[in-house]
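Reviewing the structure listed below.
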Amino acid sequence: MEPAPRKVFVKTYGCQMNVYDSARMRDVLAPLGYSETTTPEDADLVILNTCHIREKAAEKVYSEIGRLRRLKRARAEQGGEMLIAVAGCVAQAEGEEIVRRAPSVDLVFGPQGYHRLPQLLARKKSGEGPVVETEFPAEDKFETLRTGQLAGKGVAAFLTVQEGCDKFCTFCVVPYTRGAEASRPREQIMAEARRLAAQGVREITLLGQNVNAYHGSDGGGRTMGLAGLVAELSSIPGIERLRYTTSHPRDMTEDLIAAHAGNPKLMPYLHLPVQSGSDTILKAMNRGHTAADYMRLIDKIRRAKPDIAMSGDFIVGFPGETEKDFESTLQIIRDTGYASAFSFKYSPRPGTPAADMAVQVPEAEKDARLQALQKLVTAQQTAFNRQMVGRTLPVLLEKPGRDPGQLVGKSPYLQPVHVSGGPHLIGMIVDAHITGVGSNSLSGHYDQAV
Ligand code: 5AD
Ligand code: SF4
């Protein structure tokens, strides 16, 4: 018997892994009759896929639940039902506390429980009160996801290969919310990548909180690193581009650097956060390397792949950060030269060691440092984009642009590129001559009619 048609609305906060996870939740729900809707108003099930990395993430979730509660009540008055689920890292961190504070929530489950969503829903529907589950081992999820269908959309897709982190940087909640590092076996990843390729995907971004620590089973009793995985994935017909994010400097192995030099499908763009340029702060952050170690690594990577573009993450106002420490961060940015960078004010996360450190930096100081840092990074990014004018870049055409007859694609350096062309060209890679540069994108044209 066909299940009754129902609608699910998933609101995603935070990182790309949450985007991937939201898609997996929709996949798991499809056999139960759930199709996707883009507004909560007509949804039978609303899932908030939450993020806990910074700021008042939990508070944002509670106010969103407040809005949804009104919808839920209105639906009940019409004799209908709307379920509210909280998933993701806030769910993992807060657990039972969520249903205590927000009794309108029906389901709470963490990142390792998505594959169990049908069972959790069934428990709820059989009359149980709020269902709270935050205790699944990561391996179970990976095992079950193997049979999941894929919501095949677009020519660029994410694929989670590794999850969790054992590094315990003192500011970060990830080791607590996503758990210990776990890698998916090679065969699972290959099967998923082949399905993506068959659906028209041309570019895959491999995801993991510590993606270059990947060490999945190769099926023959051994483990395989990210370099090996990248090599195998690039042999899949149809897969033209590979990326990976986010990397840790300590796991940038020789063979991975060599892959950048030798594998043309591995895009010349590397997100390699350093967080701070001060050795004192790096030590207090438990990063396990110095600023000089990072610079030596960048040199080595650039020797292997001279045209590689670097991207990074920075935290300003970590406890105890002085003006001098901050100046060292500006210096490492000048020395590296970033094509793009993400920067954040330090935000104390409950339960992490840095939250209890004695000398917290005043908010006004954090604001001023963030502004100064972003000014420098924006100048670097603008300079990087301007250099593209006059060059010819391979552009993977991804989707229609704003104007009719226009398409948007991506350069190897993740820059959006606007060109003219019809939708039949989506999925092709064209050699675009770059003629213009906007604040965050490029424009160009290509010669041959493809
Ligand atoms: N405060 C500010 N930024 C943080 N990040 C992680 N935890 C915190 C925090 N407590 C930033 C780091 C990381 C990125 C994903 O988020 O820069 O690389
Ligand atoms: Fe968090 Fe990344 Fe450090 Fe792991 S390596 S603790 S995910 S910042």
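The values are calculated or read from the model by the stated rules, or taken from the named source; none is laboratory data. Note that this is a predicted model, so its numbers are computed, not measured. Neighbour counts are summed over all protein chains in view; Cβ atoms, including those assigned to glycine, are modelled from backbone coordinates with ideal geometry. The accessibility values were calculated without ligands, DNA or RNA, using every heavy atom of the protein model including side chains. Shrake-Rupley method; radii C 1.70, N 1.55, O 1.52, S 1.80 Å.
A few comments on the model shown:
- Whether the stretch 188-250 is rounded, prolate or oblate, judged on the alpha carbon gyration tensor where a/c under 1.5 counts as rounded: oblate
- Distance between the stretch 211-263 and the stretch 173-210 - C-alpha centres, whole angstrom: 11
- Annotation: amide H-H contacts under 5 Å for V132 (H modelled 1.01 Å from N, sequence separation of 5 or more, or interchain): V108.
- Net charge of neighbours whose Cβ lies under 15 Å from the Cβ of G317, counting Lys and Arg as +1 and Asp and Glu as -1: -3
- When both the stretch 359-406 and the stretch 67-119 are represented by their alpha-carbon centers, they are found 36 Å apart.
- Positive-end ranking of Q92, A30, G66 along the dipole of the stretch 1-101, with charges on Cβ about the Cα centre, is headed by G66.
- Amide hydrogen neighbours beyond the local backbone of A309, cut-off 5 Å, H modeled: Y269, L270
- Solvent exposure of the stretch 1-133, expressed per residue, is 45 Å² of accessible area, with all protein chains present and a 1.4 angstrom probe.
- The H on the amide N of E181, modeled in the peptide plane, is under 5 Å from the matching H of C165, D166, each at least 5 residues off or on a different chain.
- Portion, in percent, of the accessible area of the stretch 1-85 that falls on carbon or sulfur, probe 1.4 Å: 53
- Evaluating 6.51 cos²θ - 1.76 cosθ + 1.60 at θ = phi - 60° for every residue in the stretch 323-337, the Karplus couplings come out as 4, 5, 4, 5, 4, 5, 5, 4, 5, 5, 5, 4, 5, 7, x Hz, glycine and proline recorded as x.
- Estimated FRET transfer efficiency (K399, K283; beta-carbon r; R0 41 Å; 0.05): 0.40
- Converting phi to 3J(HN,Hα) with the Karplus coefficients 6.51, -1.76 and 1.60 and the offset θ = phi - 60°, the stretch 186-192 yields 3, 5, 4, 5, 4, 5, 5 Hz in sequence order, with x at every glycine or proline.
- Protection proxy ranking, highest mean first, for peptides 63-76, 101-114: 101-114, 63-76, where packing is the per-residue count of other beta-carbon atoms within 10 Å, averaged.
- Note that the stretch 367-377 has calculated 3J(HN,Hα) couplings of 4, 5, 5, 4, 4, 5, 5, 5, 4, 5, 5 Hz, one per residue in order, obtained from phi through the Karplus relation 6.51 cos²θ - 1.76 cosθ + 1.60 (θ = phi - 60°); glycine and proline are x.
- Difference of contour (0.36 nm per residue) and Cα-Cα distance, M295 to Q16: 97.7 nm
- Considering only alpha-carbon pairs that sit under 8 angstrom and 6 or more positions apart, the relative contact order computed for the chain is 10 percent.
- In this structure, the pairs whose alpha-carbon distance is over 19 Å, taken from K283/K375; K345/K410; K72/K124; K265/K305, are K283/K375; K345/K410.
- Directionally averaged projected area (the stretch 32-98, Cα convex hull): 5.3 nm².
- Cut-off 20 Å, label 7 Å out along Cα→Cβ of E232, residues of the stretch 170-195 by amide N: 181-195
- Hydrodynamic radius by Kirkwood, which averages 1/r over all alpha carbon pairs of the stretch 308-376, in angstrom: 12.7
- Its Kirkwood hydrodynamic radius, worked out from the mean inverse distance over all distinct Cα pairs, puts the chain at 23.5 Å.
- Full extension of the chain segment joining D42 with R6 gains 12.0 nm, where the gain is 0.36 nm per residue of separation less the Cα-Cα distance.
- For the stretch 83-125, radius of gyration divided by Kirkwood radius, i.e. Rg to Rh on alpha-carbons: 0.94
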